[in-house]
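The structure under discussion appears below in the form of structure tokens.
The values are calculated or read from the model by the stated rules, or taken from the named source; none is laboratory data. In this text, all values refer to a predicted model and were calculated from it rather than measured experimentally. Cβ: placed from backbone, ideal geometry, glycine included. Neighbour counts: every protein chain shown. Note: areas computed on protein heavy atoms with side chains; ligands, DNA, RNA excluded. Shrake-Rupley method; radii C 1.70, N 1.55, O 1.52, S 1.80 Å.
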Protein chains: 4
Amino acid sequence: MRFFSDNAAPVHPSVMAAMADANVLDTAYDGDGWSKQLDARFSDLFETPVRALWVPSGTAANCLALAALCPPHGAIVCHRDAHIQNDEAGAPEFYTHGAKLLLAEGEGAKLAPETIAAVLDATRNDVHQVQPHAISITNATEYGLVYSPNDVAAIGHLARERGLGLHMDGARFANAVAHLGCAPADVTWRAGVDALSFGFVKNGGMSAEALIFFKPELAAATLYRRKRAGLLLSKGRYLAAQLLAMLDGNLWLDLARGANAGAALLAQAAGDRLVNPVEANEVFLRVTAAEAEKLRALGFDFYDWGPGEARLVISWNQRPEDIRPLADAIATL
Amino acid sequence: MRFFSDNAAPVHPSVMAAMADANVLDTAYDGDGWSKQLDARFSDLFETPVRALWVPSGTAANCLALAALCPPHGAIVCHRDAHIQNDEAGAPEFYTHGAKLLLAEGEGAKLAPETIAAVLDATRNDVHQVQPHAISITNATEYGLVYSPNDVAAIGHLARERGLGLHMDGARFANAVAHLGCAPADVTWRAGVDALSFGFVKNGGMSAEALIFFKPELAAATLYRRKRAGLLLSKGRYLAAQLLAMLDGNLWLDLARGANAGAALLAQAAGDRLVNPVEANEVFLRVTAAEAEKLRALGFDFYDWGPGEARLVISWNQRPEDIRPLADAIATL
Amino acid sequence: MRFFSDNAAPVHPSVMAAMADANVLDTAYDGDGWSKQLDARFSDLFETPVRALWVPSGTAANCLALAALCPPHGAIVCHRDAHIQNDEAGAPEFYTHGAKLLLAEGEGAKLAPETIAAVLDATRNDVHQVQPHAISITNATEYGLVYSPNDVAAIGHLARERGLGLHMDGARFANAVAHLGCAPADVTWRAGVDALSFGFVKNGGMSAEALIFFKPELAAATLYRRKRAGLLLSKGRYLAAQLLAMLDGNLWLDLARGANAGAALLAQAAGDRLVNPVEANEVFLRVTAAEAEKLRALGFDFYDWGPGEARLVISWNQRPEDIRPLADAIATL
Amino acid sequence: MRFFSDNAAPVHPSVMAAMADANVLDTAYDGDGWSKQLDARFSDLFETPVRALWVPSGTAANCLALAALCPPHGAIVCHRDAHIQNDEAGAPEFYTHGAKLLLAEGEGAKLAPETIAAVLDATRNDVHQVQPHAISITNATEYGLVYSPNDVAAIGHLARERGLGLHMDGARFANAVAHLGCAPADVTWRAGVDALSFGFVKNGGMSAEALIFFKPELAAATLYRRKRAGLLLSKGRYLAAQLLAMLDGNLWLDLARGANAGAALLAQAAGDRLVNPVEANEVFLRVTAAEAEKLRALGFDFYDWGPGEARLVISWNQRPEDIRPLADAIATL
């Protein structure tokens, strides 16, 4: 059983079915009937008028958002362990034409107003230094922690105070919302978020993420940037259909709840071995090399995550009965 | 019946089936079993070792190829009517970091060594002018003309002579090969092409094009550029599966032959109204506004293409019986 | 005697003297006493509040202006023969991060509302095409023609109507104003110009051009771009001093009048040989190869400018007695 | 007396005289007689064939060097306190089209193979992470420390081993060489340096730095980049003349020795207050706010440098008798 990555999981049958339903002639790019529903459907979900654009990858969503919030000569504050800093091959710099990422601290890849302000205050306000224009936070974080509405609002307050845009990388936004039990609005625009990368691929989608602008005027130039980056797929209806299928009946939330529950099973078994509290679908364990070996010998696959640590990720399609054997194995290490 | 664009057509059932077959757990990005077959399968098709990368759009394929062939301070010669110049929103400039497109002439959007050389010779060889590093041709062209192996070889010869790379935008490469009846190798690397954007989406695919490097060493930096552009989808197996399905039993060629045959039906009916010879799946007609109106009143949809011209595109799924009514209507205008 | 280029001329003694006067300790970058005078002095000259920045080259001035007026995904309309298109090695694309130059027509490298509108109207207003954001004109043009206040106002009107910025490349702005006899304001902001590259180097300066923003708010981001491009020289006072010396007593205008008068001498001698009317300090002649050879044998140096044409440029330091021998030689060809 | 910055100092009389001597007609850009001497003169100085280009600022020199050594999708390792990271407004990202700076540690802004290797080893070798292509060190460092030939050679060895280019920011290279007493070759190419930003402006020049390529083939594309960045001044002879004047009779070295000697005077007076050993022309002192105030009250100006620290910089034109009063004031604090 593989616990490497939620990217390795298959696509949910409802998503596959929706793509089959969309397999008819319609207008190219985003002129089709599916794409045209996105703004309304996501506006409903977020209880406010939003612009919602499909994009084929989370990196694309993140970097289009950053390009909308930061000029080439500006900087974006993010966590030292952020995906945009470490795992996107310099895509933020590509999309922003060379903006700088300024790295802030925080346990479990989670930022706080204080650690962000420390970075902001270290920048002199003169033309010799790159000036911050935006903050980017990841919810859930790279270490599976979740920002609450209050956590985000505190950062949103700082952003407004300093005149900065606020982006949320929500590659696992569904898992965060499932954990919080709040309205999606509470942890985004009501807390000051301007743009959200709303991830679906890790949560049962195939090739569509949603880029949500809570300030709809940010979408205008983004439409050009999306095309200019080769991201405006000609048969866009198959991407829109995926997103709509995930929204139907709140499938996105159900799947995330399931994955979170699986992670909770492991967390319970892991006890003191946990590196961080488990709040989403990722579990970081302290294990010796011998223990990791032992788990692998039992047929469980996962990534080593730094010395003495392992990362286990639960996917939408792993049921409790799939996970319990690993939980048991951990408990009896 | 719509003759707007082959991008409006649905996806071929075999492609849909292949994606369903790929709907299992596998390694993320391009580490899966499908993606790993691409090099070998395309090398077979082209009778030489190639590197083959999936990308989600033709614009992405074109622009990654151009970035591999031209530095930021260089220029690419293309036709004044090329897709990369007119319909990609500046993506070539984005991917190359500002390389210049130098525009050459030719009937039917088709270049010849003479018209390319005219552009090359107009550039002084000093640091004040942007120096050409590559040529890009489109086969079939934006006006449905096809470069033969000899046509390409003549341009390939010029490219080598001047030390330039040669890219082929093959958004409708299948239609070109179907028309020529040659080996794919004959009209590409044997004729001097370094990189090919091999289109599948207009020809029955959903969201996967192939970027083919005949100089495999060009792929190395491209792998980084693909990721850096947000084009390395995390569930890449669904893209690779599309390409493999199109290669199986030469489905790509069969579908293109069908579309070309449909266009030939219209061409026969159109006679003197043809703006260009019909060699692929596009038909450009001379029609008055009143005639265009008349055709539309009969239920046929298509684009006006400049004053007094209409563009009709045949898709892979349009059968002769779908097309004949339009042919008859044109014949009796 | 050399008539190659006004860039080959030496520096005016007053400029050298001003630099010697500035050779004292002062604050680095543009914090010095000379740099601080620029806004006021140029505001006086232009009879309106402007922001004036020194930059070390005309290319830098042009491209910072373009970057202030056009986003990376936008386009700039300019003449096919514009310096920014042909002689700046792709600097506009570098500074704008890949904006496109759209090329318009016009005799003597001079644009008109009609030729600009032809380019604008050829662009579809959709995300697949790069949208125009600015117009750039050159006064005097690359062929020595001068836009009058009315000429510029007509283009300025078009720019406003279409929501475009208007840049003037004034590498030979002094020669244009000297020809027109108008106030500098008349041919710039009063006619709709947003940003001016005000050239001094060809006119007796050494290494300082002025970038003038008639919309002062455009300067804010430009200050960052200037530094980010390595153009904010640490001893900026020597550049500011050059500009101030040129403004003192309208030296810039006197020098341009002198060069224009020299060109007029040649124009009179050339008669029917003139390719264009001579309005500034450049003279384009029709000469056979044999005639060109004959002039060179007499000791006159100049550039061939296309087949059967020669370009003669008069510099600020060439007196009538320096020029008359060439005028005589031309008259007796 | 001001000890703010060596950028505030005037220009050496010999440099002014050389510019006056160059004030004649000559070919534009770098086609003049002065520019053409640079390769030979710097090759003599470095005892090996080099390519030497004038550029108008140190930022320009640094960033052209980095662009020659690192592709847009690559990374450059530098010190956390490096000028390229903190004081060039993102110019490295602009010139490299978005390459990343990876920040390494070391006392006094000085890198060592171990601290560089720590950064290199933290980068996974896959397409998701930006791969290092170059190392940049500053000699003398931002805190006035000097890399010896052995220090550089150790880093050069690491660079070769890992396949990385090596750049030296020599804004105060003269001060480093003056301190070391070695041949310039010893601390550059013999130790593995590929490109050097050789600073002259802080050391008595006006507006010319030299960019030295020890691998001459790196110059070819740089010539285009220099023009494309608006850095190829049309009257380049005045920049070349400055450099040649500084080389004549080793003026550059004499001036640096003088400034270093001045700093040594202060160092002696400062004793335990020194933050770092004083090896070049900068002195970093521990002073309380009250002490700093006291020094300022005596007429000495300088920058605060973090809490409880002050930076004093000695310029080429400050004589011992100018400095001694400050030394005395420090000694009696």
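Structure notes:
- Counting only protein heavy atoms and a 1.4 Å probe, chain C has 32 square angstrom of accessible area per residue.
- Among C:1-10, D:196-205, C:324-333, D:65-74, the order from most to least packed when residues are scored by Cβ within 10 Å on average: D:196-205, D:65-74, C:1-10, C:324-333
- Peptide D:280-290 shows a mean partner chain C-beta count of 0 within 10 Å per residue C-beta.
- A Gaussian network model of chain C, with springs between Cα atoms under 10 Å, assigns the largest mean-square fluctuation among C:Pro13, C:Pro49, C:Pro113 to C:Pro13.
- Average projection area in nm² (convex hull over Cα atoms of the stretch B:252-331, one quarter of hull surface): 4.8
- Across peptide D:9-16, the mean count of Cβ atoms from other chains lying within 10 Å of each residue's own Cβ comes to 4.
- Shape of the stretch B:127-172, Cα gyration tensor, a/c cut at 1.5: oblate
- Listed residues C:Thr222, C:Thr188, C:Thr138, most fluctuating in chain C (Gaussian network, C-alpha, under 10 Å): C:Thr222
- With the simple model of a label 7 Å out from the Cα in the direction of the Cβ, D:Ser43 to D:Asn150 spans 3.4 nm.
- Chain A: most fluctuating residue of A:His79, A:His133, A:His97 per GNM, C-alpha cutoff 10 Å: A:His97
- Three principal axis extents of the stretch A:82-193 based on alpha-carbon atoms, in descending order, are 45, 31, 23 Å.
- Here the Debye sum runs over all C-alpha atoms of the protein assembly as shown as equal scatterers in vacuum, and log10 of I(q)/I(0) at q = 0.08 Å⁻¹ comes out as -1.01.
- Extreme residue, positive dipole direction of the stretch C:14-249, given options C:Ala153, C:Thr27, C:Ala17 (C-beta unit charges): C:Thr27
- Spatially, the stretch A:70-134 and the stretch B:70-86 are offset by 34 Å when compared through their Cα centroids.
- Chain A against chain B buries an accessible area of about 3800 Å², both chains summed, 1.4 Å probe radius.
- Separation of alpha-carbon centers, the stretch A:264-284 and the stretch A:308-325, rounded to whole Å: 10
- Share of pairwise Cα separations in the stretch C:1-68, more than 20 Å, in percent: 51
- If you plug the beta carbon distance of C:Arg286 and C:Leu103 into 1/(1 + (r/R0)^6) with R0 = 25 Å, you get a FRET efficiency near 0.50.
- Counting Cβ atoms of other protein chains within 10 Å of each residue's Cβ and taking the mean over peptide C:72-78 gives 5.
- For A:Thr27, the shell of other residues with beta-carbons less than 11 Å away shows a net charge of 0, using +1 for Lys and Arg and -1 for Asp and Glu.
- The residue of chain A whose Cβ sits closest to the rotation axis that maps A onto B, together with that distance in whole Å, is A:Pro56, 2.
- For chain B, the square roots a ≥ b ≥ c of the C-alpha gyration tensor eigenvalues yield an a/c of 1.5 or more together with a/b not exceeding b/c, which makes the shape oblate.
- Carbon + sulfur, % of accessible area of chain D - ligands and nucleic acids excluded, 1.4 Å: 52
- The stretch A:290-305 - phi-based ³J(HN,Hα) in whole Hz, Karplus 6.51/-1.76/1.60, Gly and Pro as x: 5, 5, 4, 4, 4, 5, 5, 4, 7, x, 9, 10, 6, 8, 5, 9
- Considering helices alone, the calculated mean residue ellipticity of the protein assembly as shown at 222 nm is -12000 deg cm²/dmol, with DSSP H runs of length four and up weighted by -39500 (n - 2.57) and normalised per residue.
- Under 5 Å, built H, 5+ apart or other chain: amide partners of B:Ala75: B:Lys100, B:Gln131, B:His133, B:Ala134
- Position D:Arg324: other-copy label points at 6.4, 9.1, 11.1 nm, ordered by increasing distance, label point 7 Å along Cα→C-beta.
- Shape category assigned to the stretch B:44-123 from the gyration tensor of Cα positions, a/c cut at 1.5: prolate
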